[in-house]
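J.: Sharing a structure here in structure tokens format.
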Amino acid sequence: MVNEKEVAVIGLGPSGVTAAIYLNRFGLTPVCFEKELVGGQVNKTEKVENYTGVGSIKGPELGMKLDEQLSFFGIKPIYKEVKGITLTKDKTFLVSYGNETKEFRYVIISSGLRPNPFVVPNQEKYSSKGISRCAICDGPLYKGKDVVVIGGGNSAFEEASYLATICSSVTLVARRKEFRAFPSAVDSLKNKENAKIYAPYVIKSSEGTNSVEEVTIENVETKEEKKIPTSAIFLYVGEKADSTFINIDSLNKDENGYIVVNENKESSIKNLYACGDVIKKELRQVSTAVSDGAIAAHNLYLDYSKIHG
């Protein structure tokens, strides 16, 4: 039988943590699932500087603070990946994780993003020998060496700036002349003496004996090629919503998997809410994620109160 006070929270980035804390304070019981670390993507970010009231903070440090706040409220995450969510004939949700399945009346999806697939020539050969998607995780392995960053968004520029503080040189390669990153992120990298930006360029090949040693890039317009020595390639080529595990055909999602919600963070499915990076919205920042989580939890509680008083 469904425990009406239990609410599944899928993903514990800033939005999921906030939702869980609010649910707890409303007297509900958040059952929280996280497949990696509390904090989500912030753990893979070198520095957060635009979260109001916090100032400049290392991404992993912010992740630890979020974890500590959950502990303060006695919320213990289930560290397992949710493999599926289905809707029953009674309009409850079956959440599958590991070898277990649990039934809920309410669910908040805060599963964030997953990286777009991107194939580097010889990627299989160098998958653990010079190709990475996390500068904060693997950057220290290349201290004092030359590295290449692929991408043109905020993550690419911000992590390239971080790598420039520990690596001998950083070369950022972007497909377009017009960057998707904020001007401040672009300027930060441009001000690094050991950083270069090539745009519009694409990666043509990667070579090396036992690991990556060199890449060839090609100008999209002129077809001019350049060879760049490198010990690593860091990929920041965009992301999509991590929502493929939701097995409900009637859920309204856009072409990139982002869940469509209303101003109350309600999805097209009754009692299914979503918040943070997984929803369709204009600005994906820690501050907006926290706001989303609070709004989702508040409106879920209002709905619960109408039924249960």
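J.: For the chain, what does -39500 (n - 2.57) per DSSP helix run (n ≥ 4), summed and divided by total residues, give at 222 nm, in deg cm²/dmol to the nearest 500?
T.: Values: 6 runs with 72 residues, N = 309.
Estimated from H runs of four or more residues: -7000 deg cm²/dmol.
J.: Assigning unit charges at the beta carbon (Lys, Arg +1; Asp, Glu -1) and nothing else, what dipole magnitude in debye, to the nearest 20, does the range 66-173 show about its Cα centre?
T.: On the way: 13 positive and 11 negative charges, 67 e Å.
Dipole size: approximately 320 debye.
J.: Sorted from fewest to most neighbouring beta carbons within 10 Å, what does the list VAL170, VAL54, VAL95 look like? Don't skip to the answer; put the middle values down first.
T.: Values: VAL170 28, VAL54 14, VAL95 22.
Ordered by Cβ neighbours within 10 Å, fewest first: VAL54, VAL95, VAL170.
J.: Here is a further query. Determine, for CYS134, CYS167, the number of other Cβ atoms within 10 Å of each Cβ, and report the residues in order from fewest to most. Please report the intermediate quantities before stating the final value.
T.: Values: CYS134 16, CYS167 23.
Neighbour counts put them in this order, fewest first: CYS134, CYS167.
J.: Could you order peptides 191-200, 63-72, 269-278 by the average number of other Cβ atoms within 10 Å of their residues, highest first? Each step should come with its number before you reach the end.
T.: Working: 191-200: 14.4, 63-72: 17.0, 269-278: 25.1.
With the highest mean Cβ count within 10 Å placed first, the list reads 269-278, 63-72, 191-200.
J.: Strictly over 29 Å apart at the Cα level, which of LYS58/LYS253; LYS47/LYS190; LYS47/LYS223 would you flag in this model?
T.: Details: LYS58/LYS253 33 Å; LYS47/LYS190 18 Å; LYS47/LYS223 36 Å.
From LYS58/LYS253; LYS47/LYS190; LYS47/LYS223, over 29 Å: LYS58/LYS253; LYS47/LYS223.
J.: Mind checking Rg over Rh on the chain, alpha carbons, Kirkwood formula for Rh?
T.: Details: Rg = 21.2 Å, Rh = 20.7 Å.
We get a ratio of 1.02 for the chain.
J.: With angles folded into 0 to 90 degrees, how steeply does helix 59-72 sit against the dominant principal axis of the chain? Use alpha carbons for both and round to 10.
T.: Here the helix axis deviates by roughly 20 degrees.
J.: Calculate the dipole size of the chain relative to its Cα centre from +1 charges on Lys and Arg beta carbons and -1 charges on Asp and Glu beta carbons; express the result in debye to the nearest 20.
T.: About 140 debye.
J.: Which aspartates and glutamates does LYS143 reach when only Cα atoms under 12 Å apart count, and residues fewer than 8 places away in its own chain are ignored?
T.: Once the sequence-local aspartates and glutamates are set aside, nothing remains near LYS143.
J.: Just the Kirkwood number for the range 131-235, please: inverse of mean 1/r across all distinct Cα pairs, in Å, one decimal. Working shown, then result.
T.: On the way: mean 1/r = 0.0745 Å⁻¹.
Over the range 131-235, the inverse of the mean reciprocal pair distance is 13.4 Å.
J.: With the contact rule set at Cα under 8 Å and sequence spacing of 6 or more, what percent relative contact order holds for the chain? Present the calculation step by step, with values, prior to reporting the outcome.
T.: Values: 688 pairs, mean separation 61.5, N = 309.
Here the relative contact order equals 20 percent.
J.: Using the alpha-carbon centroid of each, what span in Å lies between the range 176-231 and the range 1-15?
T.: Value for the Cα centre distance between the two parts: 43 Å.
J.: Could you line up GLU282, GLU34 from fewest to most neighbouring Cβ atoms inside 10 Å? Before the final figure, lay out each step's value.
T.: On the way: GLU282 5, GLU34 25.
Ranked by crowding around the Cβ, least crowded first: GLU282, GLU34.
J.: Relative to the first principal axis of the alpha-carbon coordinates of the chain, what is the inclination of helix 286-308, with its axis defined by its Cα atoms, in degrees from 0 to 90 and to the nearest 10?
T.: 10
FYI, it's all coordinate maths here, none of it is from the lab. Predicted model only: the values in this text are computed from it and were never measured. We place every Cβ from the backbone using ideal geometry, glycine too, and count neighbours over all the protein chains shown.
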